[in-house]
1. For the range A:1-37, which positions are closer than 23 Å to A:Ala146 by Cβ, among the β-branched types (Val, Ile, Thr) and surrounded by fewer than 17 Cβ atoms within 10 Å (Cβ to Cβ)?
2. Could you count how many residues in the range A:133-153 are in a helix (DSSP H, G or I) and either under 26 Å from A:Asp102 (Cβ atoms) or within 17 Å of the chain's Cα centre (by Cα) (or both)?
3. State the number of residues belonging to the range B:273-309 that are farther than 15 Å from B:Ala259 by Cβ and within 11 Å of another protein chain (Cβ to nearest Cβ).
4. Working only within the range B:38-68, note down all residues that are surrounded by fewer than 15 Cβ atoms within 10 Å (Cβ to Cβ) and in contact (Cβ under 8 Å) with a residue 12 or more places away in the chain.
5. Give the range B:262-280 a look and list any residue that's hydroxyl-bearing (Ser, Thr, Tyr) and either within 17 Å of B:Asp313 (Cβ to Cβ) or not in a loop (DSSP other than H, G, I, E, B) (or both), or say none.
6. Any idea which residue in the range A:25-50 is farthest from the chain's Cα centre (by Cα), counting only those that are aromatic (Phe, Trp, Tyr) and more than 24 Å from A:Gly320 (Cα to Cα)?
7. Within the range B:253-267, which residues are within 12 Å of chain A (Cβ to nearest Cβ) and either small (Gly, Ala, Ser) or touching a helix residue (DSSP H, G or I) at 6+ places or on another chain (Cβ under 7 Å) (or both)?
8. Would you be able to tell me the number of residues in the range B:265-302 that are hydroxyl-bearing (Ser, Thr, Tyr), surrounded by 23 or more Cβ atoms within 10 Å (Cβ to Cβ) and farther than 19 Å from B:Phe243 by Cα?
2 protein chains.
Amino acid sequence: MAQTTYKNDLILRALNGETVERPPVWMMRQAGRYLPEYMVLRKKYDFFTRIQTPDLAAEITIQPIDIVGVDAAILFSDILTVPKALGLDVQMVPGKGPWIPDHIQSPADLARLTESGAVADMQYVYDAIKATVKALDNRVPLLGFAGSPWTILCYMVEGQGSKNFAKAKGFCFEHPKAAHQLLQAITNVTIGYLNEQIKAGVAAVQIFDSWGGLLGPVDYQAYSMNYIQQIIDEVEGAPVIVFGKGCWFAYDSYTNSGAQAIGVDWTIAPKTARELAGDKITLQGNFDPIRLLSPIPEIERLTKEMIDGFGKDRFIANLGHGIIPNIPVPHAKAFVDAVKNYKA
Amino acid sequence: MAQTTYKNDLILRALNGETVERPPVWMMRQAGRYLPEYMVLRKKYDFFTRIQTPDLAAEITIQPIDIVGVDAAILFSDILTVPKALGLDVQMVPGKGPWIPDHIQSPADLARLTESGAVADMQYVYDAIKATVKALDNRVPLLGFAGSPWTILCYMVEGQGSKNFAKAKGFCFEHPKAAHQLLQAITNVTIGYLNEQIKAGVAAVQIFDSWGGLLGPVDYQAYSMNYIQQIIDEVEGAPVIVFGKGCWFAYDSYTNSGAQAIGVDWTIAPKTARELAGDKITLQGNFDPIRLLSPIPEIERLTKEMIDGFGKDRFIANLGHGIIPNIPVPHAKAFVDAVKNYKA
């Protein structure tokens, strides 16, 4: 594949471990509800219309590049495209979040899933990527993503968001064989999904293990890392970032997985993250999203402290989790600018 | 004060760092919804009737001693007794959890709180302790408890349970001065509260920092540990257990705090917990509550593995968080029995 030349390729150089003039910066959920420009589109089009209409997804994806000036775009989409492609009825209930009325409740329910054809069913995602790449005009790289198989299982079994995903975990511990079948099916589809995203033009991919931190370290290996590892082994042509929220205990596995970067949440001190991960992998993170409510001078001070802790190289500045809706845009921009103006 | 002699004082010896024949065992929320005997009382009496009627609280507290055979009782009560004593209208909404309609929304709202008299307002707790101690007849020690000031602030500002307590954290970062005033007021009352619990007869106390893991390590010191430390410094006459969920990064502070034990959640491998905490403090935990849904032989295997990891001494077997409602009683009992039957 011909290498694309980006006007700003800072994030790819950081992923590649090169010495950079300053760390690149982007924010998880940067195309989201804190942006008034996004809220206009959110009021006009429902969730699946937004992610399934390529030009709309492209417009939303590019908003934060123009408005807050981040160094990478991440496709406006959702990790629940995969359960939908597997045949479940994924709904987005405003003010409540995802709801899957026909969620998996027993091992017999697995028969309802349709693994074959699932990768192709997500053509709308690949089309959105192509539209975004075209509209971006090589300004910055576009990132693709998928949920980790464990995190996807959580939603497929629980049927909705949850504090502890007790139903999903209970399903695994009561029916380990069925749980592993389900995880394998999700993994197979996710590998195809990410490879198609790369073919459509994303320059790197992130795996979101948002609920990995609900598992103890031994169960994490069996129910999550095993499948993340398969994905890393089979994804070709783009660097992989693994973000496991609450998964500090798995950094050693991430480092040895072949992934190019680890996404770090805000509960891990920068120096601790580096100790846990070793020196040979890029780290990404980890500003507490709610700290963006602090006064701007405090945001600037804390951002500098964060970069001092991680170091300028092998580091991608980001939040430690997604940006929340009530962050003032000037505060988000202050964070981005503090990274851009960083001096050691 | 005359030392009480208990028929089973295993937990006090473990807290004291003595060599024991086997680890003691109890379970967070052991007096709770998985017990049919508790559900009978829950249907008859509302939440505050249950915790404010000494004989009822005593009966509920003692149920798990009789039914699953744990080595310690923990008072049936709630951490939200403190916000209630401070003057807020704490309600328990069935199926939803706590709700505080007049929660703190701005610094000016602090003027509504009544610190003076708050410790005395919780006389019903001390009466429940006296009734329980009498009914227990020295079979096992009774534990008292309180929420950490940070965790109590979370509820007082958010007004209800939450996944990320964004309002509560936002309040702290937008109004740090008011946040520290509130934390100090909660701390003052909590010190008096725990000392009165000890005078009424509890043999040890646990501080629940259920939401400590929502703070980054630097903010944790400022907004949580500073106040936990004051409590440990001022509580007299009984050992203190600190349980900080998700707070692996603070174990060093806990170890140096003067507390006798650290409550460990299930995401920390036993050997890692010991490394983080050092050798001089008792550890308590850390069976994944949802792992109690596994078949009984698996529960037995995992319990043995857990004790092997922590070691027999300076260890109190427990869950890594509260037991959940849908655990079959024989599974809970299998966990307790596996500890009692432990052979290295």
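Derivation of every value follows stated rules applied to the coordinates shown; laboratory data play no part. Since this is a predicted model, take the numbers as computed values, not measurements. Note: ideal-geometry Cβ built from the backbone for every residue, glycine included; neighbour counts use all protein chains shown.
1. Once the filter is applied, which keeps residues that are closer than 23 Å to A:Ala146 by Cβ, among the β-branched types (Val, Ile, Thr) and surrounded by fewer than 17 Cβ atoms within 10 Å (Cβ to Cβ), the range A:1-37 yields only A:Thr4.
2. 5
3. Qualifying residue count for the region: 16.
4. Residues satisfying the conditions are B:Asp46, B:Asp55.
5. Initial filter on the range B:262-280 (hydroxyl-bearing (Ser, Thr, Tyr)): B:267, B:272.
B:Thr272 - this is the single residue of the range B:262-280 that is hydroxyl-bearing (Ser, Thr, Tyr) and either within 17 Å of B:Asp313 (Cβ to Cβ) or not in a loop (DSSP other than H, G, I, E, B) (or both).
6. Per the stated criteria, the residue is A:Tyr45.
7. Passing the criteria: B:Val264, B:Thr267.
8. Qualifying residue count for the region: 0.
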